[in-house]
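J.: Quick one: the structure is below, questions incoming.
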Amino acid sequence: MNTVCAVVVTYNRCDLLIKSLESLTNQSHKLDAIYIVDNNSTDNTQEILISNGYIEKEINSDKITCSQLYYENILIKYIHLPENIGGAGGFYYGVKQAHHDNYDWIFIMDDDAFPTKDCIKELVPYFELEDTVALASLKVDLDDNILYHHRGYFNFNSGLPIQIPITKADTECETKDIDMVSFVGLLVNRRAIDSIGYPKKEFFIHTDDLEYCIRLRSVGKIKLVNKSIIRHAEGSTTGTYKKKVLSIEADRRPYDKLWINYYMQRNLIWIGRKYSQNKLSLYITILKNYILTIIGILVFDDHKYRRIKFYTNAYIDGFKSRFDNNKPKEILYD
């Protein structure tokens, strides 16, 4: 009873992945299994996993392939995907496989996340709460600064965004019922998955966790457990830079990093149209954001035509529920 399987999605970050696996295998409350979902990494991920004893041999296949072994009495299942289908696709397959294998709890996290030694142990006392379908660790960066915006509440009445971050006070109590948790340190009960299914793989990346938590909250509570802590390397970095024109300064995204913004805009609009309870406010917010985005491009950025085309497609695709995940790079880089 109460078996726990961690699902870790990885792509071309083998050094971080090894550190993540070390933190999982050294938990004071031992995990029953760790599922590594590899989005067809093109670096030496498989070689590093073999040299560290996590898998036995390299897998190169044009179909989904699995291998497994025991590492310090923990089942390690390596799931190799034949193409990179993003974090959302990786979580879909990982959660689906762990659910199929009948684990009671599934701990979802990225390959650059490092649960502290007692992370799972601090969640165990809350396993038997009948109205709770998921537990959340407190997420911090590598300097132990709390990442407030990765945990929060829903607001379906004020356009976008539909989430409100937790406050400092929310982290100073033992537990707190919340609505939204990023896919870093979210422990989901299999009964909830029976009801709501798996993460939405069509999203590719960004806000798949937000959409999944909306479905989770439809069947029960999500409880933040503040003594359970997970560190996240990505939380310590940013992908923007400052640019100043005359006396106006703004955060801008480099052109070679711009492609990822498409998914955020498209998926948020899709979520807003599906779940927002105030459509007028939603559409006003979307229009305002689009106009400000275009003005920012015209004032600050290079590649103006392609950037405008890029964002316009993201907005339209969100409205029309188009999930062509190759589109952003095709627009930006032909």
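J.: I'm trying to understand the selection: among the residues of the stretch 229-254, which are touching a helix residue (DSSP H, G or I) at 6+ places or on another chain (Cβ under 9 Å) and at pLDDT 95 or above?
T.: Selection gives Ile230, Arg231, His232.
J.: Does Ile286 count as open to solvent by less than 80 Å² (accessible area, probe 1.4 Å), touching a residue at least 24 places away in the same chain (Cβ under 8 Å) and part of a helix (DSSP H, G or I)?
T.: yes
J.: Sticking with this one: Can you run down the residue pairs with Cβ atoms below 8 Å, 6 or more apart or on separate chains, where the first is in the stretch 126-148 and of a type in the set (D, E, K, R) and the partner is assigned to a loop (DSSP other than H, G, I, E, B)?
T.: From the stretch 126-148, the pairs are Asp131/Gly220; Lys139/Leu147; Lys139/Ser182; Lys139/Val184; Lys139/Gly185; Asp141/Leu147; Asp141/Ala233.
J.: Could you grab me the full set of residues in the stretch 297-326 that are buried (at least 18 other Cβ atoms within 10 Å of the Cβ), part of a helix (DSSP H, G or I) and in contact (Cβ under 8 Å) with a residue 24 or more places away in the chain?
T.: Arg307, Phe310, Tyr311, Asn313, Ala314, Tyr315, Asp317, Gly318
J.: Moving to a separate point now. Report yes if some residue within the stretch 25-44 is in a helix (DSSP H, G or I) and either open to solvent by less than 10 Å² (accessible area, probe 1.4 Å) or touching a strand residue (DSSP E or B) at 6+ places or on another chain (Cβ under 8 Å) (or both); otherwise report no.
T.: Yes, the stretch 25-44 contains a residue that is in a helix (DSSP H, G or I) and either open to solvent by less than 10 Å² (accessible area, probe 1.4 Å) or touching a strand residue (DSSP E or B) at 6+ places or on another chain (Cβ under 8 Å) (or both).
J.: Next up: Among (1) exposed (fewer than 15 other Cβ atoms within 10 Å of the Cβ); (2) modelled with pLDDT of 95 or more, there is one condition Lys257 misses while meeting the rest; what is its number?
T.: It fails just one condition, (2).
J.: Just for strands (runs of 3 or more DSSP E) wholly inside the stretch 146-193: which have at least 1 residues that are among the acidic types (Asp, Glu)?
T.: Answer list for the stretch 146-193: 175-178.
J.: So in the stretch 86-109, with the set limited to residues that are aromatic (Phe, Trp, Tyr) and in a helix (DSSP H, G or I), which one is least open to solvent (accessible area, probe 1.4 Å)?
T.: Phe91
The values are calculated or read from the model by the stated rules, or taken from the named source; none is laboratory data. The model shown is predicted, which means the values in this text are computed figures rather than measured ones. Quick reminder, even Gly has a Cβ in these numbers, built from the backbone with ideal geometry, and neighbours come from all protein chains shown. Just the protein is used for accessible areas: all its heavy atoms, side chains included, with ligands, DNA and RNA removed. Shrake-Rupley method; radii C 1.70, N 1.55, O 1.52, S 1.80 Å.
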